[in-house]
Amino acid sequence: MSESLLGLLLLTLLFLLILVGLLPEILRWLAGRNVAQRQQLIQTVRRLEQDLQTLAQQLDPFHSLQAPQYRRIDDEVTQVLAQVQAHREAMAAPGALLFPDLGDGRWAVQHFASYPQDAGRILHTLRRLRELQRAAAEGEKMLDAAYQELGRLHEMPQQFRQDIQAILLTLQQVRDHLQQERGAGITAIQPWEETYSHIRRRAVQINQQLQASDAISLEQADQVGQALDEVEAALAQLDRETQQLQQARLACDEQFHRSSEAFTTVETTVDLAHVPEGLRLLLGLIATLHEETAVLRRNAQFPQATALLTDSDTLVGVATAVIAAGQQVQALQPRLADSLTPQAMAALYQQVQRSEDELADQLAQLSREPMTPLPRPLLPRLHSWQTRMQQAQTEATAWEQAEQEAAQRLTRELNQATTELNRAWQSLSRLLPLAEGDTLAKKYHGLQRQRQEAANKPLPLQRLVTAVRELTTDIQTSRDYLQQRYDSLKGVARDYPHFVSRVEQEAANWRCLQAQVAEIKECAMGMQQVWQKVGKTGWLDETHELLDEVKQLNQRAQGSYAALQQQVRQFEQIIAHIERTIDYVQQMAGEMDNGRIVRVLGMIDLQYEEAYQAESYEQALAALRQAETFVNGLVSA
């Protein structure tokens, strides 16, 4: 801890030693240096004074000259001299600064202890001397620049020779510009050509004067300088005007070219022999404006020509809108018959027609002076027609888009409906392949052909969708009905052999029933023959006729079978009654005459045999009735 305090104490003492001993000595050295710099500054100020006097004397002959070239440089040099003089005056009073004398016989610290204010004076003088030194250096630079400008004054005649050559070169460029304009068809350039000739004559005179001698007096140089200034000003004005002329002509030509191209494009889009009256007048007015523009262009009246071109562009825009709307609306007319909303398009067509008629009336009444722009009140009406035509075109585009969307939607519906139709057709074809001439087949294939004709046509597509769906329903109904008839009759046809066998069994003992058995067999054979044709005809109506025939044969056979069953049942009922009665008689045999019973039973057997062999139902029934009478006689006895 004590070592740290000791070190800090030593550093403090060292700092105080430097502050008290070294710093005052540095101030003493600066004070001496300030005195030396004052002497150098005094010498610099004297040298500047001498240079100013010399330069002013050399510049004096040029003060009286009036040529702008001399006046400009003379004014610049004079201004520089005034600035140098200001710097010199600022440096000419160094005595205003304080230079304390510290002497060499004692320590500087002793002096500053007695005169502490001298430390601030020394530092102030040091800063002020540096400022004056910088001002002196700046003054010397200004003098150097002034000497250079003075040299330019002496070299001014040579500069005049260079300037006149530049003027002659510029004149050549101006002449080339004028020739270009005349070559471009501009005829009204005589004022610029006259100005060019006058300036060139004056420039040639000045050039001859400068080339006549290598040395000229200041008075001659002053005159030449004034003449050059006048020529340069006139040439600059002429050059500016010719450039403006060329720029205006190029801008006009560019606009004229664009406008002509646009007009040509408009004309090529229509048949000029068959255009509405309003459009014909509009195109004629555009052509007139272009002809007048060409005249104004030749006369270098470019602002007026540009104004006509601007009006022409406006008319071209109107014509473009009229043509586009008219052509688009007209092109859509053939599609009205196939449209879902023909009324909207018809109303739009009438609107376009009315607008064209209004345009024709307005242009027919138009009155304007040649070479003048269109009447300003006409422009808003033109823009109104253009806007209406553009709106009509937009509506026509929207209508066409809606029709296309409707056609696309209906095409999708048609695709779906056609898929269902094909599925129904295939289902029917698996059941009964139809010939090309069948009614349903002709409708089916006809709709396939109509699809190509209805492509992209909303109304035919809508009708075709309806027709396809209706035909699908018809095919499905026909197929279902045909399938139902197939299912109902197929089993009957398949079971007929068993049916015939059953009939034969039921009527096997009865000769009188064999005719009905034969009829049933005939129907069965007919059904087999007809059924073999079903499914092979290729004609729906003929197939139904065959099925009807099968049905009729079945009904006939069933009718015969029903009659046969009724007769058999009647026979069996009588026989059953007889057999029951016989059983009764046999049970009562002890009480009856057996001989009679045997005779009666024999007679009954004979009646049975007669019934079985009878040719007709009535004969068989009579025989059975007789047998029944015999057996009933036994009971009653």
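List of remarks:
- Any hit, segment 136-143, residues being of a type in the set (Lys, Arg), modelled with pLDDT under 85 and surrounded by fewer than 15 Cβ atoms within 10 Å (Cβ to Cβ): yes
- Within the set 448, 462, the sole residue that is more than 18 Å from residue 338 (Cα to Cα), in a helix (DSSP H, G or I), under 40 Å from the mean Cα position of the chain (by Cα) and polar (S, T, N, Q) turns out to be 448.
- Cβ-Cβ under 7 Å pairs, at least 6 apart or on other chains, segment 393-416 side over 24 Å from residue 350 (Cα atoms), far side of a type in the set (Val, Ile, Thr): 410/465; 413/465; 414/465; 414/468
So that you can scan it fast, the table gives a plain yes or no per residue for (1) out of contact with any Asp or Glu (no Cβ under 9 Å at 6 or more places or on another chain); (2) surrounded by 14 or more Cβ atoms within 10 Å (Cβ to Cβ); (3) more than 17 Å from residue 330 (Cβ to Cβ):
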site: 357; (1), (2), (3): no, no, no
site: 365; (1), (2), (3): yes, no, yes
site: 394; (1), (2), (3): yes, no, no
site: 405; (1), (2), (3): yes, no, yes
site: 408; (1), (2), (3): yes, no, yes
site: 412; (1), (2), (3): yes, no, yes
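- For beta carbons closer than 7 Å, sequence separation of 6+ or different chains, a first residue in segment 550-569 that is closer than 19 Å to residue 534 by Cβ and in a helix (DSSP H, G or I) and a second that is among the aliphatic types (A, V, I, L, M) and open to solvent by 30 Å² or more (accessible area, probe 1.4 Å), the qualifying pairs are 554/492.
- Residue 532 part of a helix (DSSP H, G or I), more than 22 Å from residue 611 (Cα to Cα) and open to solvent by 20 Å² or more (accessible area, probe 1.4 Å): yes
- Test: residue 421 is at pLDDT 80 or above, assigned to a helix (DSSP H, G or I), open to solvent by less than 30 Å² (accessible area, probe 1.4 Å) and not small (Gly, Ala, Ser): yes
- Given (1) assigned to a helix (DSSP H, G or I); (2) at positive phi; (3) not hydroxyl-bearing (Ser, Thr, Tyr), index of the condition residue 300 fails: (1)
- Some residue of segment 332-350 being buried (at least 16 other Cβ atoms within 10 Å of the Cβ), of a type in the set (S, T, N, Q) and closer than 22 Å to residue 283 by Cα: no
- Cβ-Cβ contacts under 9 Å between residues 6 or more apart (or on different chains), taken from a first residue in segment 499-515 that is under 13 Å from residue 562 (Cβ atoms) to a second residue that is open to solvent by less than 60 Å² (accessible area, probe 1.4 Å) and in a loop (DSSP other than H, G, I, E, B), are listed as 513/507.
- Of all residues in segment 455-468 being without any contact (Cβ under 8 Å) to a residue 60 or more places away in the chain and not basic (Lys, Arg), the one that is most open to solvent (accessible area, probe 1.4 Å): 456
- Beta carbons closer than 7 Å, at least 6 apart along the sequence or on distinct chains, pair a first residue in segment 326-342 that is farther than 20 Å from residue 279 by Cα and charged (D, E, K, R) with a second that is at pLDDT 70 or above and open to solvent by 60 Å² or more (accessible area, probe 1.4 Å) for 338/457.
- Residues that are in a helix (DSSP H, G or I) and either open to solvent by 80 Å² or more (accessible area, probe 1.4 Å) or more than 22 Å from residue 327 (Cβ to Cβ) (or both), drawn from segment 367-387: 378, 379, 380, 381, 383
- Candidates are the residues of segment 253-276 that are open to solvent by 60 Å² or more (accessible area, probe 1.4 Å) and either of a type in the set (Lys, Arg) or assigned to a loop (DSSP other than H, G, I, E, B) (or both); the one that is modelled with the highest pLDDT is 258.
- Check on residue 233, surrounded by fewer than 20 Cβ atoms within 10 Å (Cβ to Cβ) and of a type in the set (A, V, I, L, M, F, W, C): yes
- Restricting attention to segment 277-307, the residues that are crowded, with 18+ Cβ neighbours inside 10 Å and basic (Lys, Arg) total 1.
- Cβ separations smaller than 9 Å between residues 6+ apart or across chains give the following pairs from segment 190-208 residues that are without any contact (Cβ under 8 Å) to a residue 24 or more places away in the chain to residues that are in a helix (DSSP H, G or I) and open to solvent by 50 Å² or more (accessible area, probe 1.4 Å): 193/175; 193/182.
- Residue in segment 606-628 that is farther than 20 Å from residue 509 by Cβ and in a helix (DSSP H, G or I) present: no
- Criterion (modelled with pLDDT of 80 or more, hydrophobic (A, V, I, L, M, F, W, C) and assigned to a helix (DSSP H, G or I)) met by exactly one of 321, 344: 321
- Out of 585, 517, sole residue that is open to solvent by less than 80 Å² (accessible area, probe 1.4 Å), in a helix (DSSP H, G or I) and over 20 Å from residue 617 (Cα atoms): 585
- Checked against the criterion of being more than 60 Å from the chain's Cα centre (by Cα), closer than 30 Å to residue 479 by Cα and at pLDDT below 85, segment 580-588 has no qualifying residue.
- Residue within segment 421-441 that is without any contact (Cβ under 8 Å) to a residue 12 or more places away in the chain, farther than 30 Å from residue 279 by Cβ and within 38 Å of the chain's Cα centre (by Cα) present: no
- Listed by first and then second residue, the pairs with beta-carbon distance under 9 Å, at least 6 apart or on different chains, first residue in segment 239-252 and under 17 Å from residue 168 (Cα atoms), second of a type in the set (Phe, Trp, Tyr) and in a helix (DSSP H, G or I), are 242/192; 242/196.
The values are calculated or read from the model by the stated rules, or taken from the named source; none is laboratory data. Quick caveat: nothing in here was measured; it's all calculated off a predicted structure. Cβ sites come from the backbone with ideal geometry, for glycine too, and all protein chains shown count toward neighbours. All accessible areas refer to the heavy atoms of the entire protein, side chains included, with ligands and DNA or RNA removed. Shrake-Rupley method; radii C 1.70, N 1.55, O 1.52, S 1.80 Å.
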